[in-house]
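The values are calculated or read from the model by the stated rules, or taken from the named source; none is laboratory data. Owing to the predicted nature of the structure, the values given are computational and were not obtained by experimental measurement. Cβ placement follows ideal geometry from the backbone for every residue including glycine, while neighbour counts extend to all protein chains displayed. Calculation scope for accessible area: heavy atoms of the full protein, side chains included, ligands and nucleic acids excluded. Shrake-Rupley method; radii C 1.70, N 1.55, O 1.52, S 1.80 Å.
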Amino acid sequence: MMNEKELPVYAALDRMGIEYTRIEHPAAATMEACAAIGEGTGASHCKNLFLTNRQGTAFFLVMLGSSKKFRTASVSKQLGVARLSFTTAEQLENILGLTQGSVTVTGLLNDTAHCVHVAIDRDLLNEERILIHPNINTASLVVKTSDILRFFDLLGYEFTPIAVEDADAAVQSGSLCTDKPPNVFCCKKPPCRV
């Protein structure tokens, strides 16, 4: 059964001529819960992180492949931003109209101040299709990656490609600290007033 938060997403995608396949499933707020969703569709899972700078004036939506981990220094340097962290639940709701566990690119439809920067893992750009949430975490959409890029363009968002190491490779190379939680970073735009 569809949730009212999904309906504007489908209306926008239909208006934009973006094809999608909807998959309904139990709530999936973590990558572990998402693992079996979309099997057989040829679509890759992605992580979506909503981040802010220390002042809470710049906001970033970062899309990563499901096996990727943030390395604070690397991602920060690529995007030219000082240390960022996860937004508060209030910021997530006020800017993207989303709740924790359902961060998704379609939340950009709710960014009325147009203050969010988008960054995408370069490897994700090579995937033919990806799975995204339609503003809730009880459904996923299979969408062509090229259509996600068109979605950004039609909404007036540019994106910054970033290079992020696979988590296993980072651990093997010793470049990922495994005894601390990962930190997160992103890009540049005027301050956002929430």
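Summary of values
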{"item": "Odd one out for Val143, checked against (1) in contact with a Phe, Trp or Tyr (Cβ under 7 Å, 6 or more places away or on another chain); (2) open to solvent by less than 50 Å² (accessible area, probe 1.4 Å); (3) at pLDDT below 95", "result": "(3)"}
{"item": "Qualifying residue in segment 40-49 (condition: basic (Lys, Arg) and either over 18 Å from the mean Cα position of the chain (by Cα) or under 26 Å from Asp166 (Cα atoms) (or both))", "result": "yes"}
{"item": "Complete set of residues in segment 64-84 that are modelled with pLDDT under 75 and either touching a His at 6+ places or on another chain (Cβ under 8 Å) or part of a loop (DSSP other than H, G, I, E, B) (or both)", "result": "Phe70, Arg71"}
{"item": "Failed item in (1) within 16 Å of the chain's Cα centre (by Cα); (2) modelled with pLDDT of 85 or more; (3) part of a loop (DSSP other than H, G, I, E, B), with Ala29 passing the rest", "result": "(2)"}
{"item": "Residue list for segment 125-142, restricted to those being of a type in the set (A, V, I, L, M) and in contact with a Pro (Cβ under 9 Å, 6 or more places away or on another chain)", "result": "Leu125, Leu141"}
{"item": "Condition met for Gln55 (over 27 Å from Ile37 (Cβ atoms), in a helix (DSSP H, G or I) and either of a type outside the set (Phe, Trp, Tyr) or open to solvent by 50 Å² or more (accessible area, probe 1.4 Å) (or both))", "result": "no"}
